[in-house]
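The values are calculated or read from the model by the stated rules, or taken from the named source; none is laboratory data. Bear in mind that the values here come from a model prediction, so they are computed numbers and not experimental data. Here the Cβ positions follow ideal geometry from the backbone for every residue, glycine too, while neighbour counts run over all protein chains shown. Only protein heavy atoms, including side chains, enter the accessible area calculation; ligands, DNA and RNA are left aside. Shrake-Rupley method; radii C 1.70, N 1.55, O 1.52, S 1.80 Å.
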Amino acid sequence: MAYDPDNIFAKILRGEIPSNRVFEDDETLVFMDIMPRADGHLLVIPKTPCRNVLDASPEQLAAVMKTVQKMAHVVTQALGADGVTVQQFNEAAGGQEVFHLHFHILPRHEGVSLRAPGQMGDMEQIAALAEKIRAAT
Ligand code: 5GP
């Protein structure tokens, strides 16, 4: 399947639609998920195009995983998380909805279940969490 340069994360990368950015380096960008399944739900993406793990280069994967690990540490510190769930989906049959490679980082607290997918978050709360996470990077 071909990469679609008009997918929503490509538009976020180009700044065509707003996002709550918390970290970036030369190769990756991290921003808040607008339908958070946990407080502080982050998305980590490469700045270069690929749909998912199936067409990503080893270099893209290495860059993204380095940032995934960094941000797992950051949310643990910033939000006092007891654990972190990392999720990643490939193609529609694999549960993927946005076709630009991304890893979900879900800060977890003992006894707190993930919320159901597909529910819009409170944007003020998301912005406040983004500020806390940004301050810990
Ligand atoms: P997946 O492709 O891994 O199944 O899910 C895509 C993720 O992107 C979902 O968690 C969804 O909440 C998130 N998402 C979809 N549209 C937007 C958007 O416009 N902005 C942000 N920040 N996240 C989005």
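What aspartates and glutamates sit close enough to LYS70 to cross-link, taking a C-alpha to C-alpha distance under 14 Å and skipping anything fewer than 8 places away on the same chain? Answer for LYS70, where 14 Å is the Cα cut-off: GLU24, ASP25, GLU27, listed by chain and number.
Segment GLN88..GLU110, full-extension length gain: 5.7 nm, with 0.36 nm per residue of separation and the alpha-carbon distance subtracted. Work from the charge dipole of the chain (Cβ charges, +1 for Lys and Arg, -1 for Asp and Glu, about the Cα centre) and give the residue of LEU13, TYR3, VAL75 farthest towards its positive end. Value computed over the given set: VAL75.
For the pair ALA2 and SER57, the difference between a 0.36 nm per residue extended length and the Cα-Cα distance amounts to 18.3 nm. For the chain, the share of accessible area belonging to carbon and sulfur comes to 55 percent (1.4 Å probe, ligands and nucleic acids excluded).
Hull volume per residue, based on the alpha-carbon atoms of the chain and their convex hull, is 105 Å³. With protein chains left intact and a 1.4 Å probe, residues in segment 68-109 average 45 Å² of accessible area per residue.
Assuming 1.567 mPa s and 4 °C, estimate D for segment 88-130 with Stokes-Einstein, Rh taken as the Kirkwood radius over Cα pairs, in µm²/s. All intermediate terms of the calculation are to be shown ahead of the outcome.
Working: Rh = 12.8 Å.
D, rounded to a whole number, is 101 µm²/s.
Under the shape rule built on the C-alpha gyration tensor, where the axes satisfy a ≥ b ≥ c, segment 1-55 is prolate, since a/c reaches at least 1.5 and a/b is greater than b/c. Springs between Cα atoms under 10 Å define the GNM used for the chain, and in it the highest mean-square fluctuation of VAL75, VAL112, VAL22 occurs at VAL112. Model label points for ILE34 and LYS47, set 7 angstrom from Cα along the Cα-to-Cβ axis, are 2.3 nm apart.
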